[in-house]
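**Q** A single structure is presented below for examination.
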Amino acid sequence: MIVGLGMAVALAFSAQDPKAAAEATPTEQSSVAYIDINDVPPAVREPTEAEYAEIERLVARAQDARDAERFDEAVEAATELAALSAATFGPRHPITASCLNIIGQVKFDRGDFDGAEAIFREGLAIRVAALGDVHPDVAESLNNIAGVLSRRGLNAQALVFLQQAVDVWTKVGTFDRNLADGLANLANQYSYLGRYAEAEVPARRAVAVTEKIYDADDPETAGNFGTLGEILLALGKYEEAERYLLAADRVFVASGKAYTLKAGLTLSRLGTLRNYQGRYGEAADLFRRSTEVFVAAVGPDHVYTGATLASAGQAMLLDGRPERAEALLRRGLRVQEKQLGLAHPDTATTRMVLAQALLALGQVEQADALSRRSVMDLERSSGEDAQNTASARVVHAAVLMAEGENALAERESRRAVAALETILSADHPQVSDARSSLAEALLVQGRAMDAETVVSPALTRTASAFGPSHPGAIKLQTQLARSLLAQSRLADAMEASRSSASPLVLSAPALRRQRQLERVRVEAAWLNSRPDV
């Protein structure tokens with residue numbers, strides 16, 4: 001996320017005493033002195049008292065409008081502000097850079113990444129020249145450039161800028177939300193690179209800093225709860241993740257800030273958790289609500305809107321509704337292709353899920369083309385063994401099996417398992433899906449003993465993490481029973497296919513898989529009853 005107007009600038013334009021403000025919210029102790037931008041002399045002339053008052057009014061109007069996501073008003077006020085600052089302080093003064101920065105923030109929020117990056121990079125050059133390398137305003141520029149790079153899928157480059165920004169904020173100390181935002185952004189960037197253990201540290205620090213600045217029920221605190229919750233999901237800390245995500249959701253409902261970007265992100269993260277838990281209908285509804293939030297806040301063609309449309313489509317697919325899923329995925333894909341480009345990692349990931357939906361609808365040829373392209377694009381943009389690349393391999397493996405290319409499917413699945421098990425927790429649903437894919441490829445090749453070896457630990461972990469009624473657990477249980485049946489271990493197959501879950505408590509997807517499990521049990525019992533077997 002892009003951070004707001006730097007506190008140093010806000011104080012320069014207001015009557016607030018910086019020392020008093022620092023004492024009021026002491027989140028970090030300053031260890032390095034930095035230049036007060038009030039000490040940088042105007043390049044043109046000193047503003048009059050009336051102009052100072054107008055500058056102060058425009059700063060407040062622009063920032064309030066941006067915080068409320070009234071973007072047209074924010075741009076109008078910031079443009080007036082930048083013009084007045086350039087006419088007095090000068091076009092290369094750090095105060096003018098901060099005025100322009102507001103326009104860059106709004107351009108970013110609206111998805112104009114070219115316009116935002118140009119402003120942020122110009123602001124960085126102005127600020128470094130006037131203030132030096134170690135200054136909170138310089139950190140703000142570094143953070144904002146990283147935000148643009150991240151949106152473009154240039155995650156490794158973005159991480160470098162973010163690390164620099166957080167280092168600067170830590171050195172100088174700060175008493176506003178910027179350090180917390182920078183830490184949350186750093187955590188997210190580690191997550192995009194699949195480095196979740198490294199992401200947890202700045203995410204927890206962001207929560208700690210935010211809780212010192214804001215009340216527990218403040219949306220800023222809730223936003224960082226959501227960031228930490230999402231990272232904990234990847235680390236397999238599901239109960240703690242749920243506590244943070246539910247706390248964030250309650251804050252946005254209670255605060256009335258139901259149509260803000262952070263509220264939309266929180267709903268989306270909670271939807272991801274419900275997907276992991278096998279509660280696909282609830283997940284789809286959360287993604288639908290998240291989409292409504294983003295449409296209201298930033299419009300139907302924003303990247304956030306495209307992402308949650310795709311997420312809603314994936315939940316529909318998991319819930320057994322591929323027709324509905326296809327429509328949502330195509331809508332999301334159109335937005336992402338327009339805003340992010342054809343080969344962006346997010347675009348390629350949505351294309352991967354669309355391939356999955358088409359396969360479920362029996363459109364194997366189209367699914368093949370899309371899955372191959374998604375793997376290729378993700379290898380180029382994210383790396384051959386990245387998390388989203390591995391997930392794309394699982395989908396492509398399913399297409400290959402539908403085409404009878406079982407040996408190739410096995411190869412893709414093995415690569416996916418190896419990659420995902422180094423990135424995610426052992427009980428993560430994506431790891432289980434990859435092991436299930438590999439087991440299926442082995443089963444169709446008649447290698448039942450190998451399939452048993454692959455699927456058995458995945459079943460144990462999934463059932464332990466999410467319960468035996470989870471659709472994924474039942475699918476793995478069915479594969480285990482099939483592998484035992486194929487080895488003519490009939491008694492073991494009957495025992496493995498025994499369900500402890502009542503059909504009355506199963507979700508629709510779990511119930512469908514339960515019926516498949518029951519068919520394996522019936523077959524094993526029938527074979528076991530034959531005297532010639």
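The values are calculated or read from the model by the stated rules, or taken from the named source; none is laboratory data. The shown structure was predicted, so the numbers you read here are calculated from the model rather than taken from an experiment. Every residue, glycine as well, gets a Cβ built from its backbone with ideal geometry; the counts of neighbours run over all protein chains shown. Keep in mind that these areas ignore ligands, DNA and RNA; they rest on the heavy atoms of the full protein, side chains included. Shrake-Rupley method; radii C 1.70, N 1.55, O 1.52, S 1.80 Å.
**Q** What whole-number distance in Å separates the alpha-carbon centres of the stretch 189-246 and the stretch 83-100?
**A** Cα centroid to Cα centroid, the span is 36 Å.
**Q** Mind listing the phi-derived Karplus ³J(HN,Hα) values for the stretch 152-160, rounded to whole Hz, using 6.51, -1.76 and 1.60 with θ = phi - 60°, and x for any glycine or proline?
**A** Listing the rounded values in order: 7, x, 8, 6, 5, 5, 4, 4, 4 Hz.
**Q** Sorted by mean Cβ packing within 10 Å, highest first, what order do the peptides 399-406, 80-87, 327-334 take?
**A** 327-334, 80-87, 399-406
**Q** Another question about this same structure. Given a 1.4 Å probe and heavy atoms of the protein chains only, how would you sort THR453, THR88, largest accessible area at the top?
**A** Putting THR453, THR88 in descending order of accessible area: THR453, THR88.
**Q** Compute the length gained on full extension between LEU408 and SER499: take 0.36 nm times their separation in residues and subtract their Cα-Cα distance, giving the result in nm to one decimal.
**A** 29.5 nm
**Q** Kindly provide the helix-only [θ] at 222 nm of the chain, computed as the sum of -39,500 (n - 2.57) over DSSP H runs of four or more divided by all residues, to the nearest 500 deg cm²/dmol?
**A** Rounded to the nearest 500, it is -25500 deg cm²/dmol.
**Q** While we're on this one: Separation between the THR48 and LEU235 pseudo-spin-labels, each 7 Å from Cα along Cα→Cβ, expressed in nm?
**A** Between THR48 and LEU235, the simple spin-label model gives 5.8 nm.
**Q** Go through 264-277, 196-209 and give me the packing order, highest mean Cβ count within 10 Å leading.
**A** Peptide ranking by packing, descending: 264-277, 196-209.
**Q** Now for a separate question. Rounded to whole Å, give me the distance from the Cα center of the stretch 248-316 to that of the stretch 398-467.
**A** Rounded to whole Å, the Cα centres lie 30 Å apart.
**Q** In Å², what does the accessible area per residue of the chain work out to with a 1.4 Å probe?
**A** Value for the chain: 41 Å² per residue.
**Q** On a 0 to 90° scale, report how tilted helix 322-340 is relative to the longest principal axis of the chain, with both axes built from alpha carbons and the result rounded to the nearest 10.
**A** Approximately 30 degrees, to the nearest ten.
**Q** Give me the mean projected area, in nm² to one decimal, of the convex hull enclosing the Cα positions of the chain.
**A** 24.6 nm²
**Q** Using only Cα atoms, find the angle between the long axis of helix 448-466 and the longest principal axis of the chain, and express it within 0 to 90 degrees, rounded to the nearest 10.
**A** That helix lies at roughly 50 degrees to the long axis.
**Q** Sorting check: for 390-397, 241-248, which peptide has the highest mean count of neighbouring beta carbons within 10 Å, and how do the rest follow?
**A** Ranking the peptides 390-397, 241-248 by packing returns 390-397, 241-248.
**Q** Follow-up question, since we're still on this one. Share of the chain's accessible area from carbon and sulfur, percent, 1.4 Å?
**A** The C+S portion of the solvent-accessible surface of the chain is 52 percent.
**Q** Right, something else. Once fully extended, how much extra length lies between VAL522 and ALA87, figured as 0.36 nm per residue of separation less the alpha-carbon to alpha-carbon distance?
**A** Length gained between VAL522 and ALA87: 148.2 nm.
**Q** While we're here: Let me see the P(r) profile for the stretch 71-225: every Cα-Cα distance counted, bins of 10 Å, each bin given as a percent of all pairs.
**A** Going from the shortest bin to the longest, the percentages are 12, 36, 38, 13, 1.
**Q** How big is the charge dipole of the stretch 214-303 about its Cα centre, in debye rounded to the nearest 20, if each Lys and Arg gets +1 on its Cβ and each Asp and Glu gets -1 on its Cβ?
**A** 200 debye
**Q** Moving on. Once R0 is set to 35 Å, what does the formula 1/(1 + (r/R0)^6) return for the Cβ-Cβ distance between GLU379 and ASP112, expressed as a FRET efficiency to the nearest 0.05?
**A** For R0 = 35 Å, the calculated efficiency reads 0.75.
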